[in-house]
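One structure is given here, and the rest of the page talks about it.
Any read-out appearing in this document is the output of simple, stated calculations on the displayed coordinates, not a laboratory observation. Here the structure is a predicted model, which is why all the values come from computation and not from measurement. Methodologically, a virtual Cβ is constructed for each residue, glycine included, from the backbone with ideal geometry; neighbour enumeration extends over all protein chains shown.
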Amino acid sequence: MIHQLATTTRTTRPVALLALAATLLLAGCAQVGGPTYTFWDAVWTLVIFFFWVMLIWIFIAIFADIFRRNDLSGGWKAIWIILLVFLPFLGALIYIISRPKVTPQDVTMMAQAEAASTAAASVSTADELAKLAQLKESGAITVPEYEALKAKLIS
């Protein structure tokens, strides 16, 4: 009996808190459109603003993806753009569902990014100090320039 009561309490607490939050939210928004601007009006304004920004960002990302892809011909790009302009929500949903998860172009870009990070990671401070010493010995940089670059590199 006690175990059953503890389980019931654990499962009903989130539901009760959600119901309380919904009640407060709806009660606070009862004055929307009235002569006053309440706290809940501000909250709803922020939520709506967030969703508009998110929606605009999704469309920017989809347009950029359409123009970036090299596996689509110009005609298919035009069809996707027209679909997104005239049926924005449905077009975005269809594009997101129909786009392959990874295209050959994505694989190439990932390989390039991995090669760049590997190349950047392989350069160590000791290598840079050795190059600076060679430049100083060859006379390409002066001793004060060497010391300044060395201090900048070590810090």
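Couple of notes before you dig in:
- Residue count for segment 64-83, restricted to those that are in contact (Cβ under 8 Å) with a residue 12 or more places away in the chain and surrounded by 14 or more Cβ atoms within 10 Å (Cβ to Cβ): 6
- Qualifying residue in segment 113-126 (condition: over 30 Å from residue 72 (Cα atoms) and touching a helix residue (DSSP H, G or I) at 6+ places or on another chain (Cβ under 9 Å)): yes
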